[in-house]
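Here's the structure we're looking at; comments come further down.
The values are calculated or read from the model by the stated rules, or taken from the named source; none is laboratory data. Treat the numbers as computed from the prediction; the structure is a model and nothing was measured. So basically every Cβ, Gly included, is an ideal-geometry build from the backbone, and we count neighbours across all protein chains shown. Protein only, heavy atoms only, side chains kept; ligands, DNA and RNA dropped before computing areas. Shrake-Rupley method; radii C 1.70, N 1.55, O 1.52, S 1.80 Å.
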Amino acid sequence: MSIQESLTKVNASLPKNVTLVAVSKTKPDTAVKEAYEVGQRIFGENKVQEMVGKWERLPKDIEWHMIGHLQRNKVKYIVDFVSLIHGVDSLKLLKEINKRAKKSNRIVNCLFQIHIAEEDTKFGLDRFELFDIIGSTEFAQLEHIKIVGLMGMATFTDNTNQIRKEFKNLKSLFEELKTQLPSISTLSMGMSGDYRIAIEEGSTMVRIGSSIFGERIYNQ
Ligand SMILES: *Cc1c(COP(=O)(O)O)cnc(C)c1O
């Protein structure tokens, strides 16, 4: 199946209120262009250098989402154009994004990444760390970031009950956070292998790579 056919198929399986982030990491510009030609405008990357290169070379109406772990010293390279940062997992990182965004005269949209998986390899905050940040006076002073919701990755497993449970936990944390930050609206959960479950559990944004662009050569 071609990229365009796969993309059409994925789109047909998504409810209208769910936003698709086409995860183009490791894939060439030509792959992004194919998806772009049939209307896809939101793409996700997990490496700063790769995202910057694609942003420079590809059409400027593409919205670039940083979905990977972001190091503080690399924020400056993406702050001028990134449209959503999915992986915010510390106040330090948030402060750096705020500082750079202020210099660029921008307000940068961010999601807090929450650790929901059993594996400890995945990044993210737990609920206590999340509410610590939200309640801090420093957080209240950040005027150049906008928290628009939460992101999480489920355990990599065939056990769908496990995956469902983790997505349910994230959804309930999202609802809890909403009582303190009423404007949040984005719940980024679900990848190629588990996005159907994620949608059933309340996802509003799915990040799908291999089901659109094919398997990646490098496992990342
Ligand atoms: C690579 C990646 C995806 C997409 O994974 P697929 O299984 O190819 O759909 C989604 N989210 C994050 C954070 C990723 O790093």
Top-ranked residue in region 112-131 [being modelled with pLDDT of 95 or more and of a type in the set (D, E, K, R); ranked as least open to solvent (accessible area, probe 1.4 Å)]: Asp126
Residue in region 92-102 that is open to solvent by 50 Å² or more (accessible area, probe 1.4 Å), assigned to a loop (DSSP other than H, G, I, E, B) and more than 14 Å from the ligand (Cβ to nearest atom) present: no
Residue list for region 18-72, restricted to those being touching a residue at least 40 places away in the same chain (Cβ under 8 Å) and in contact with a Phe, Trp or Tyr (Cβ under 6 Å, 6 or more places away or on another chain): Ala22, Ser24, Thr26, Lys27, Ala31, His69
Output for region 164-188, where each listed residue is in contact with a Ser or Thr (Cβ under 7 Å, 6 or more places away or on another chain) and touching a residue at least 60 places away in the same chain (Cβ under 8 Å): Thr186
Unique match (being over 26 Å from Leu142 (Cα atoms) and open to solvent by 80 Å² or more (accessible area, probe 1.4 Å)) among Glu50, Glu37: Glu37
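Looking only at helices (runs of 4 or more DSSP H) that lie completely in region 112-220, which have at least 2 residues being within 16 Å of the ligand (Cβ to nearest atom)?
In region 112-220, the matching helices (runs of 4 or more DSSP H) lie at 160-178, 195-200, 210-213.
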Test result for Ile107, in contact with a strand residue (DSSP E or B) (Cβ under 7 Å, 6 or more places away or on another chain) and open to solvent by 70 Å² or more (accessible area, probe 1.4 Å): yes
Per-region count, region 138-163, residues open to solvent by 70 Å² or more (accessible area, probe 1.4 Å), without any contact (Cβ under 8 Å) to a residue 40 or more places away in the chain and not polar (S, T, N, Q): 4
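In region 199-220, what residues are within 14 Å of the chain's Cα centre (by Cα) and either open to solvent by 30 Å² or more (accessible area, probe 1.4 Å) or over 17 Å from Lys25 (Cα atoms) (or both)? Reasoning before the result, please.
Going residue by residue through region 199-220, those that are within 14 Å of the chain's Cα centre (by Cα) are 203-209.
Matches in region 199-220: Ser203, Thr204, Met205.
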